[in-house]
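Below is one structure; the comments refer to it alone.
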Amino acid sequence: MTTSPWDQPAPEPAQAARPNVAGLDLAALRRLMVDMGESPFRATQIHQGLYQQRWTAWAQFTSLSKALRTRLERETELRWPEVVESAASEDGSTKHAFRLQDGTLIEGVHMPYPNRTTLCLSSQVGCAMGCTFCATGLMGIKRNLTAAEIAGQVVTMLNAHGHATLDPVNIVFMGMGEPLHNLDHVMHAFGLMTDPKGLAIAPRRITLSTSGLVSGIQRLGSFARRPRLALSLNATTDAYRSSIMPVNKVWNLDALAAALKAFPVEKDERITLEYVLLKGVTDSLDDARRLAAFARGFPSKINLIPFNPHEGSGYEPPTESRITELCGFLAGRGLTVSVRRSRGQDVAGACGQLVRERRLP
Ligand code: SAH
Ligand code: SF4
């Protein structure tokens, strides 16, 4: 078995003094009620309030007795990530900064489309993967996010934008962090998001994007219910991929291709290949030819992402004519290809631009 620096788990947040009820599933809520000497039925009411009504304060839980609300107020916390800053982009998307229990800041993006809303979530504070083109990669890893902090980005953004309970929502793990380096919490959050009696988001509407942690891809494939998979390929030769994505030194393109071929896709499922176009570096026709060969190995669709510039990165986005040319080339070879025009560029909310280091008081 291959071992890697990323087999080492990322740091966890310090435990709060009182249990946080936000982020508990029904079974955990039942245990809490039993521990408090209350009827387990109360757990169902709390669960509904948390995930269907998306209530954020005990005073809103009018289905519970006043006495129980007072006890919960005293003995527990009800803490979702708190929005401390929101930046609306001209294209309709909004980048939110959330403050967590320990003062750490993370970011999520709300992107409305005509027939759905897509929420881009962070899975860690920072990232340990060190990709050279990514602003988050440059800040290093601070810690994992908990399930409450991950699912809480959804609850908080849906509330902030006044969504109705069953509005169609897509989730993408394409914010800060490498979700396969925090798979336990991510899968717990996936359970909260897809619970039909809770947030009720269909599993096929949730996509996890990874830089290529093969051990994590294999583990993800072993879950009966799981998010869909996207791989950030970003380069087509081992020499170059290793130079911009250190993970490639542990699992190279052959190892990745083998893991994706073995991944148990469903009938209508395709693995998304994300490919960041860096001008003069990854946007040649030879790259497109190798990308096409890689993509044919399993059911796939290709997302070309023009590089989003950020300070000091040293890379540039490709020209429009080159994007059109590459797109045409890949489509002409029978591949499904789209160009992801990252949203929110004017507010630095696009892929790879999410970075937070400072702490608010
Ligand atoms: N860590 C995961 C998910 C978060 S990054 C991963 O790497 O897949 C989400 C996507 O943004 C990835 O496809 C990544 O390659 C891309 N990305 C990172 N920095 C970028 C930048 N500056 N411009 C465009 N895309 C970028
Ligand atoms: Fe981490 Fe993804 Fe950025 Fe790489 S691209 S540093 S894996 S967030």
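A few remarks follow.
- Counting beta carbons within 10 Å around each of Ile302, Ile323 and listing the fewest first gives the order Ile323, Ile302.
- Distance from the C-alpha centroid of the range 182-236 to that of the range 147-174: 16 Å, rounded to the whole angstrom.
- Debye-sum result for the chain in log10 I(q)/I(0), which assumes one identical scatterer on each alpha carbon, at q = 0.08, 0.09 Å⁻¹: -0.40, -0.51
- What the Cβ-Cβ distance of Phe298 and Gln53 gives, at R0 = 56 Å and to the nearest 0.05, is a FRET efficiency of 0.85.
- A simple packing score, the average count of other Cβ atoms within 10 Å per residue, orders the peptides 155-167, 95-107, 286-298 as 95-107, 286-298, 155-167, with the highest score first.
- The alpha carbon gyration tensor of the range 121-217 gives principal lengths a ≥ b ≥ c with a/c of 1.5 or higher and a/b greater than b/c, which makes the shape prolate.
- Approximate spin-label separation Asp102-Thr165, in nm, with each point projected 7 Å along Cα-to-Cβ: 3.6
- Helix-derived mean residue ellipticity, 222 nm - over the chain, DSSP H n ≥ 4, -39500 (n - 2.57), to 500: -8500 deg cm²/dmol
- Rounded, prolate or oblate (a/c below 1.5 giving rounded, otherwise prolate when a/b exceeds b/c) for the range 269-332 by Cα gyration tensor: prolate
- Beta bridges per DSSP with both ends in the chain, % antiparallel, nearest 5: 45
- Shown here is the pair-distance distribution of the range 1-100: with all Cα-Cα distances grouped in 5 Å bins from zero up to the longest one, the shares run 2, 10, 17, 18, 13, 11, 10, 9, 6, 2, 1, 0 percent.
- Lysine pair count for the chain with Cα-Cα distance under 30 Å and sequence separation of 8 or more or different chains is 14.
Only the coordinates and a few stated rules stand behind these numbers; no lab work does. Everything numeric in this text was worked out from a predicted model, so none of it was measured. Backbone-built Cβ (ideal geometry, glycine too); neighbour counts: all protein chains shown.
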